[in-house]
Amino acid sequence: MTRLIGVEFAKFFATRTWMWTGALLAAAAFGMTAVVGIAGPTGTPPLPGPDTEDGLAVAIGMSGMLVIVPALVGLTAMTGEYRHGTAVPTFLAAPRRWRVVAAKLAAFTAIGAGYGAVAAAAGGAGIALACAVLGVQPAAGTAAIAAGLARAALAITVYTLIGVGFGALVRNQLAGLAVLGGYLYFIDPMLSFFPVLGPLQPFLPRGATDGLTGFGALAERVAAESGIAAPDLLAPGPAALVLLGYALLAAAAAVALPVRRDVV
């Protein structure tokens, strides 16, 4: 297992993709938190600034919009084996396929945590810039802001594992990206408009992510301005448990499916 995990790290860092992905994630996290913090109070609808608790929650919660990036990283870890034709030699070299997948899950848990730390640091820098530009003090102390950013980092880590599991399910990189992106940014949010399905949203991946990262503060603001009812999201603790449950399901699928399927 140690060698297999080492191989996964070696493959991941063999190209510059990890560097560009990390740079993209950091730039997006920094830019989104800074822009929301600076321009939010003058927007339509106006958003609270970082000198308010809701404003901080909105800025930190913007990181939840970036989970498609680590999900794609995890997805590629699995689908790349089939896309580049390395699945056959990989599974021949390690006939117990579950070990290969378990090594991927272990390696990409660490990689997802690294991406989460990068996004959290960049988001914190964006909040600091917004406060400096506006000449205000953040509504919460450093520890509270760090805790919020840590929750966003946890979401990014979890979605990396979800990507690995989903990659084992679909095996096609482009199809997996389209399905994940469409679900997270279109289908899941649309469920809140259906009275029967709306109560389920806090327990779905998008709703749990919003509850964990604090993005629900923005959803409530927009819903109030639009005259629609916003879903009651879970508190960060229960939302984290729901997301971890999805990660475990994804991990179980990632381990079980390659064992039972033909490689090609």
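The values are calculated or read from the model by the stated rules, or taken from the named source; none is laboratory data. Since the structure is predicted, the reported quantities are computational estimates derived from the model, not experimental observations. With ideal geometry, Cβ positions are generated from the backbone for all residues, glycine too; neighbour counts draw on all protein chains shown. Calculation scope for accessible area: heavy atoms of the full protein, side chains included, ligands and nucleic acids excluded. Shrake-Rupley method; radii C 1.70, N 1.55, O 1.52, S 1.80 Å.
Per-residue answers, yes or no, for (1) crowded, with 18+ Cβ neighbours inside 10 Å; (2) among the aliphatic types (A, V, I, L, M); (3) part of a helix (DSSP H, G or I):
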position	(1), (2), (3)
Ala128	no, yes, yes
Val136	no, yes, no
Val164	yes, yes, yes
Tyr185	no, no, yes
Across the stretch 143-156, what is the total count of residues that are β-branched (Val, Ile, Thr) and either surrounded by fewer than 23 Cβ atoms within 10 Å (Cβ to Cβ) or not in a helix (DSSP H, G or I) (or both)?
1
Can you find a residue in the stretch 102-109 that is β-branched (Val, Ile, Thr) and at pLDDT 90 or above?
yes
From Leu75, Leu25, grab the single residue that is under 20 Å from Gly124 (Cα atoms), at pLDDT 85 or above, open to solvent by less than 30 Å² (accessible area, probe 1.4 Å) and hydrophobic (A, V, I, L, M, F, W, C).
Leu25
Pair list, Cβ under 7 Å, 6 or more apart: the stretch 14-43 residue within 10 Å of Ala130 (Cα to Cα) and outside any helix (DSSP H, G or I), other residue charged (D, E, K, R) and at pLDDT 90 or above
none
Name the pairs whose Cβ atoms lie under 7 Å apart, with the first residue in the stretch 174-190 and more than 12 Å from Pro205 (Cβ to Cβ), the second outside any helix (DSSP H, G or I) and aliphatic (A, V, I, L, M), and 6 or more positions between them or separate chains?
none
Filter the stretch 166-178 down to residues that are part of a helix (DSSP H, G or I), farther than 23 Å from Ala110 by Cβ and in contact with a helix residue (DSSP H, G or I) (Cβ under 7 Å, 6 or more places away or on another chain), then give me how many there are.
1
For the list (1) in a helix (DSSP H, G or I); (2) open to solvent by less than 40 Å² (accessible area, probe 1.4 Å); (3) of a type outside the set (S, T, N, Q); (4) modelled with pLDDT under 80, I need the number of the one condition that Glu220 fails.
(2)
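Taking the residues in the stretch 28-68 that are β-branched (Val, Ile, Thr) and open to solvent by less than 30 Å² (accessible area, probe 1.4 Å) as candidates, determine which candidate is nearest to Ala247 (Cα to Cα). Please lay out each step first, then the result.
Going residue by residue through the stretch 28-68, those that are β-branched (Val, Ile, Thr) are 33, 35-36, 38, 42, 44, 52, 58, 60, 67-68.
If we keep only those that are open to solvent by less than 30 Å² (accessible area, probe 1.4 Å) too, we end up with 33, 36, 58, 60, 67.
Numbers: Thr33: 26, Val36: 29, Val58: 25, Ile60: 22, Val67: 13 Å.
The selected residue is Val67.
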